[in-house]
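Okay, structure first, notes after.
Values in this text are rule-based calculations from the coordinates and carry no lab data. Note that this is a predicted model, so its numbers are computed, not measured.
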Amino acid sequence: MATRATPQVLEPLTKRKAWKALQTHYDKVRGLHLRKLFVDDPKRGERMTAEAAGLFLDYSKNRITDETLKLLIDLAEESGLQPRIDAMFRGDKINTTEKRAVLHVALRAPKEASILVDGEDVVRQVHKVLDKMAHFSNRVRSGEWKGHTGKRIRNVVNIGIGGSDLGPVMAYEALKHYSERAMTFRFVSNVDSTDFVEAVQGLDPSETLFIVSSKTFTTLETMTNAHTARDWSLQGLGGDEKSVAKHFVAVSTNAAEVAKFGIDTANMFEFWDWVGGRYSMDSAIGLSTMIAIGPDNFRAMLNGFHQMDEHFRTAPFERNLPVLMGLLAIWNNDFFGSETVAVLPYEQYLKRFPAYLQQLTMESNGKHVTLDGAEVTYATSPIYWGEPGTNGQHSFYQLIHQGTRIIPCDFIAFSNALNPLGRHHDMLLANVFAQTEALAFGKTPEEVKAEGTPDWLVPHRVFEGNRPSNTILAERLTPEILGKLVALYEHIVFTQGTIWQINSFDQWGVELGKVLAQRIIPELESQAEPALRHDSSTNNLISRYRKLKEKSQ
Ligand code: F6P
């Protein structure tokens, strides 16, 4: 267990000594070019790397010096990062606005570990649910679990949204290589009816299992889709209510609502309020993942998560992957003013990874007040986005290379393809390395001219370079490596949130829209003309919608 002391009183971020030192330092180094940094230190590309749990990180192509790193680490220490890590792992209620512990790390703790929340050993509870999930998954996969008419289940449809969808979708796509190909897995999240209709297209209700995944079991989109699914299923199965027990299971923290919906709580897979929605893909929310890849692969993924947790908890900051990446993102965000981060996996199976990270990063750290409720005076979460390479190269990379904004990039690549074909993988990896090289070093006007480019065209063909990137390399995308990657980003978010002194674990910002939508729904559905009391724009939009709807009925 690490032993760094808690700073007595935490100064506001911009008053901290290390922050001020970083500001002075930034003025000195902001003009430095990566070309010069690499020429001055020929070993930089080997030195500014770190490796843990099978992930290799090259952060040398960031606009930093050794002094920058030292100051960033000072900042982490001065911000009480280690004590806060320890507090999370201990189960302290660090989600203060919701008065909850933050214990996604307990979801992957080994059986023999013990973490107490309100006197209860949560690790024991976690393993009980994992065993129940494994038993159920095995029964579905083997065909032992039968549908209402006696047929085996061939289709699994997960209904959920946000953390109850993005993790399962991402993990299913990421680990498709390991999945049971004789089964079909689909996901419904949007309240847009098209999502449901397309998801069940071609499916036989007698072979279809719905997993209703919702932490609260009250989310509008999920409950609407769940009721539609119930109707679809009942209609296809002759209307026998008893069929629900064979075709619906629930993943939730809310047993009362699950029972109210008509799902036997014996078919409910539990999780707890100390698991945030966006931190839940390795809880029972991962039931569809487990059915797809099998319990052994799921446990291997948990093991990957745990290895990264242990690395984060114990490694010195200067070799700690999530800490380094969290700090570098702060350097780019708060000093260079970069507003976004592009996550660029060069692995087709990771196509939904950037979308998954959007909720993880932005719902966690898109906050405007500190833990004390004071308005922040610095930028918090950057916007995360991305697409798999090489597709992005033929789309938005133009802006990353030559646009007016600095977009720090995280490149993710693997030395082995899961589906090797001829020269494909070398070509793929050549592109990763070429992109990071081009971004960092660019092409000077002299170099462009030397190629015989006419003078008038030179400015268009110049690449300024000096564009920061990280490269993460691993051997191959396995369930274990996926766990490590997700945990890496979870802890990057934690590191950033700690420095910014914000609560990375609540999401009050999603509430207002939900409440207003509930108010508007009856105004759209009522037969009688409603008395609208919104602003003139919203009133007008509602009236127009009602008129257009009427016209087409
Ligand atoms: O809209 C925000 C949110 O609360 C997310 O944090 C959460 O992942 C999602 O909704 C779904 O919530 P639930 O699992 O309770 O249906």
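The convex hull of the Cα atoms of the chain, projected and averaged over all directions, covers 31.0 nm². Close amide H partners of residue 367, meaning residues 5 or more places away or on another chain with modelled amide H under 5 Å apart, are 381. Pairs with C-alpha atoms separated by more than 31 Å, drawn from the list 132/484; 20/484; 15/61, are 20/484. Legend: P(r) of region 106-204 from all alpha carbon pair distances, 5 Å bins from 0, whole percents, reading 2, 11, 14, 18, 19, 16, 10, 7, 3, 0.
Here the Kirkwood formula, the inverse mean of 1/r across different C-alpha pairs, assigns region 177-282 a hydrodynamic radius of 14.6 Å. Between region 85-144 and region 213-269, the alpha-carbon centres lie 24 Å apart.
Here the relative contact order of the chain, from alpha carbon pairs under 8 Å that lie six or more residues apart, stands at 18 percent. Taking 0.36 nm per residue of sequence separation and removing the Cα-Cα distance, the residue 204/residue 529 pair yields an extension gain of 112.9 nm. Cα to Cα, under 17 Å, and not fewer than 8 places away if on the same chain: which aspartates and glutamates meet these conditions relative to residue 351? Result set, ordered by chain and number: 165, 173, 387, 410.
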